[in-house]
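The values are calculated or read from the model by the stated rules, or taken from the named source; none is laboratory data. Worth saying up front: this structure is predicted, and the values here are computed from it rather than measured. Glycine also receives a Cβ, built like all others from the backbone with ideal geometry; neighbour counts cover every protein chain displayed. Just the protein is used for accessible areas: all its heavy atoms, side chains included, with ligands, DNA and RNA removed. Shrake-Rupley method; radii C 1.70, N 1.55, O 1.52, S 1.80 Å.
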Amino acid sequence: MSKIMGRPLKPLIEFNKVIQIALKLVEKNGPDGLNMRALGKELGVNPASLYHHFKDKNEILDAVADHVMRSAKLPKKKTIATWDDIAIDLATAYRSLIVAQPNVTLLVVGRRAGHRPAVAHQNYEELLSKLCDAGFPPERALLAMISLEMLATGSAIEEATMGPETQFAPVDPNKYPILYKISQGPKLQLRSAFKEMCYLMMLGLKVDQDQTALRSKSMSRRQSAVTEIANPAKSRVQSRRSAKADSKRKKT
């Protein structure tokens, strides 16, 4: 009489174990080097059994990218942090995460659009909140956030594919004298230069924000002047009301 095998107390395929092994294979061979046969062999299971847990290879790669994002070591929150401090800290942390392994960099960057976990959403919310509090219109705040993310992504891809230093092919010194001279000097270290890139972007955002504020004040003054010319009596009434309101606020 044959024995009837019961269901094992512990599942043969554990989700977290699959992701960890898949991550190691991606780190070693890149996203294209991951396949069900290799994954099944590392796990000690029949590759076909993986399809009971994952739709296909792409779903596994999505889960790996999500795992990498969740494992990010975010900077400790400062007691008092300005919007530009938070922006640079988050951009630096994101870059450090995706550049940790060249093969993983391309995986995370290629799949981040539809797979940003809650931890990323919370970071976006915090940064957008700071930008809006600083006076940025919502659309400009979003542009600033996306620009920083793209800067971090581009810098990480450059380091992952080209190495940690800027590289230029040999050029003709007579045809490109400036490029030749600069390329012969010290190499630009991408990792240490990234914060400087962020500072330059932040400086541009600050200047743009200051100019926007000045334009807004100038527009308000022009409108007041037009009102004064068009209806001086009404303008005087508005001025008196404003003065009374200021006086009440001072007394309280």
Inset, instruction - Take the residues in segment 69-98 that are polar (S, T, N, Q) and modelled with pLDDT of 80 or more, then tell me which one is surrounded by the fewest Cβ atoms within 10 Å (Cβ to Cβ). - result: 82
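Answer yes or no as to whether residue 130 is farther than 20 Å from residue 69 by Cβ, over 12 Å from the mean Cα position of the chain (by Cα), basic (Lys, Arg) and loosely packed, with under 13 Cβ neighbours inside 10 Å. Steps first, please.
On the way: farther than 20 Å from residue 69 by Cβ: yes; over 12 Å from the mean Cα position of the chain (by Cα): yes; basic (Lys, Arg): yes; loosely packed, with under 13 Cβ neighbours inside 10 Å: no.
No.
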Legend entry - Which listed residue, of 184, 167, 122, 101, is open to solvent by 60 Å² or more (accessible area, probe 1.4 Å), touching a residue at least 24 places away in the same chain (Cβ under 8 Å) and of a type outside the set (A, V, I, L, M, F, W, C): 101
Legend entry - residue 22, sole failed condition from (1) farther than 16 Å from residue 108 by Cβ; (2) of a type outside the set (Ser, Thr, Tyr); (3) open to solvent by less than 80 Å² (accessible area, probe 1.4 Å): (1)
Legend entry - segment 143-157, residues that are open to solvent by less than 70 Å² (accessible area, probe 1.4 Å) and either at pLDDT below 85 or within 30 Å of residue 30 (Cβ to Cβ) (or both): 145, 146, 147, 148, 149, 151, 152, 153, 154, 155, 156, 157
